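For reference, the structure discussed in these notes is given below.
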Amino acid sequence: MKRTSTFNLFNILNSIFMILIVIFTLYPFVYLVAQSFSSEAAIYAGKVTLFPVEFTTKTYEVILSKPDFFHYYWNTIVYSVTGTLIAVTATAVISYPLSKDKLRLNKFFIPFVLFTMYFGGGLIPNYILVAKTLDMRDTIWAIVIPGAISAFNVILMKTFFASLPYELEEAGRVDGLGVFGIFTKIILPLSKPILVTIMLFVMVGMWNNWFGPSLYLQSKEKWPVALYLKQIIDNAVSPTEIGASSDQTSQIAASIKSTAMVLTSLPIICVYPFVQKYFVQGMMIGAVKG
């Protein structure tokens, strides 16, 4: 009886703790949404908490009414999808051989990969390499190639591959499959959790990336939406620069920052519920086993 009471108390305390975490996690985004639909006067007066005050949609109308916004959104989709496909493919191809103890120089390659987690070369050498040496400036490749391979993602996927039973590969060899056949027909289908996890990591990074495009993209029509919305935030003190009329200027400066953040975050928030199951499995298996 005492043990049952202790267990129930633990469940209650654990539930309270998790509820507090959820509240602290969700509140910033709820606050941003409330700000984006509130007037600037209400925001500066500190009246906005969980719900919009003096409800208005003028900042959304200003941003969404500009044709360029949807063009930049399409650019971001192209960069994110292309970058994610390249990154997941490259990470899988590198991680699979590293997960095999029989690989020659395995003990050399893994520390070499780990080394890149602590030393990336620096901003100026990377810029010279991408813009000058490889001549990828003002192209999509300058956005998707430099960050295609992450040491963290490689180690995470390598750990997952190493946790798969070796007998599966032996069965594939008995059926006449080569290394490529085993990798594509056995290993990858069983690796959906870790593939979705890496996909989500890369896609979020690509979607929110504005610094790389600001360095490498000279043509404004090639900008991603994150860089475009950053410009809007920077110019929020002067709304006429982003196409706002004089009767809108009173409420844009404060709420437009929140609106830009909501519009940038919304697609990823909509995608996550559909991949949550695989994401949790990939993080648990990829991080624990090995």
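The values are calculated or read from the model by the stated rules, or taken from the named source; none is laboratory data. Model, not experiment: these values are computed from the prediction. Using ideal geometry, Cβ is built from the backbone for each residue, glycine included, and neighbour counts are taken over all protein chains shown. Accessible surface is based on the protein model in full, side chains and every heavy atom, while ligands, DNA and RNA are left aside. Shrake-Rupley method; radii C 1.70, N 1.55, O 1.52, S 1.80 Å.
Would you confirm whether any residue within segment 103-124 is under 27 Å from Ile77 (Cβ atoms) and open to solvent by less than 30 Å² (accessible area, probe 1.4 Å)? Within segment 103-124, none of the residues are under 27 Å from Ile77 (Cβ atoms) and open to solvent by less than 30 Å² (accessible area, probe 1.4 Å). Taking the criterion of being touching a Phe, Trp or Tyr at 6+ places or on another chain (Cβ under 9 Å), over 18 Å from Leu263 (Cα atoms) and open to solvent by 20 Å² or more (accessible area, probe 1.4 Å), the only residue of segment 34-49 that qualifies is Thr49.
Output yes when any residue across segment 224-232 is outside any helix (DSSP H, G or I), modelled with pLDDT of 80 or more and out of contact with any Lys or Arg (no Cβ under 8 Å at 6 or more places or on another chain), and no when none is. Yes, segment 224-232 contains at least one residue that is outside any helix (DSSP H, G or I), modelled with pLDDT of 80 or more and out of contact with any Lys or Arg (no Cβ under 8 Å at 6 or more places or on another chain).
Rundown of residues vs (1) free of Cβ contacts under 8 Å to residues at least 24 places away in the same chain; (2) of a type in the set (Ser, Thr, Tyr), yes/no style:
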{"residue": "Tyr73", "(1), (2)": "no, yes"}
{"residue": "Ser95", "(1), (2)": "no, yes"}
{"residue": "Arg104", "(1), (2)": "yes, no"}
{"residue": "Leu114", "(1), (2)": "no, no"}
{"residue": "Leu134", "(1), (2)": "yes, no"}
{"residue": "Ser150", "(1), (2)": "no, yes"}
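Of the helices (runs of 4 or more DSSP H) lying entirely inside segment 3-116, those carrying at least 3 residues that are among the aromatic types (Phe, Trp, Tyr) and under 30 Å from Ser214 (Cα atoms) are 67-98.
With respect to the conditions (1) among the aromatic types (Phe, Trp, Tyr); (2) open to solvent by 50 Å² or more (accessible area, probe 1.4 Å); (3) at pLDDT below 90, Trp141 falls short on a single one, namely (3).
Scanning segment 123-135 for residues that are closer than 17 Å to Asn209 by Cα and out of contact with any Leu (no Cβ under 7 Å at 6 or more places or on another chain) turns up Leu123, Asn126, Val130. Of Ile23, Ile94, all but one fail to be open to solvent by 40 Å² or more (accessible area, probe 1.4 Å) and either closer than 30 Å to Thr139 by Cβ or in contact with a Pro (Cβ under 7 Å, 6 or more places away or on another chain) (or both); the exception is Ile94. Within segment 165-181, residues that are closer than 19 Å to Asp101 by Cα have Cβ atoms under 8 Å from residues that are open to solvent by 100 Å² or more (accessible area, probe 1.4 Å) and assigned to a helix (DSSP H, G or I) in these pairs: Gly172/Lys185, counting only partners at least 6 apart in sequence or on another chain. Listed by position, the helices (runs of 4 or more DSSP H) contained in segment 143-211 that have at least 3 residues being among the acidic types (Asp, Glu) and under 19 Å from Val93 (Cβ atoms) form an empty set. Working only within segment 126-140, note down all residues that are polar (S, T, N, Q) and not in a helix (DSSP H, G or I). Of everything in segment 126-140, just one residue is polar (S, T, N, Q) and not in a helix (DSSP H, G or I), namely Thr139.
For every residue, the table says whether it meets (1) open to solvent by less than 60 Å² (accessible area, probe 1.4 Å); (2) under 26 Å from Pro97 (Cα atoms); (3) over 20 Å from the mean Cα position of the chain (by Cα); (4) not assigned by the TED database to the domain that holds Asn126.
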{"residue": "Ile186", "(1), (2), (3), (4)": "yes, yes, yes, no"}
{"residue": "Lys192", "(1), (2), (3), (4)": "no, yes, no, no"}
{"residue": "Thr197", "(1), (2), (3), (4)": "yes, yes, no, no"}
{"residue": "Leu200", "(1), (2), (3), (4)": "yes, yes, no, no"}
{"residue": "Met203", "(1), (2), (3), (4)": "yes, yes, no, no"}
{"residue": "Trp210", "(1), (2), (3), (4)": "no, no, no, no"}
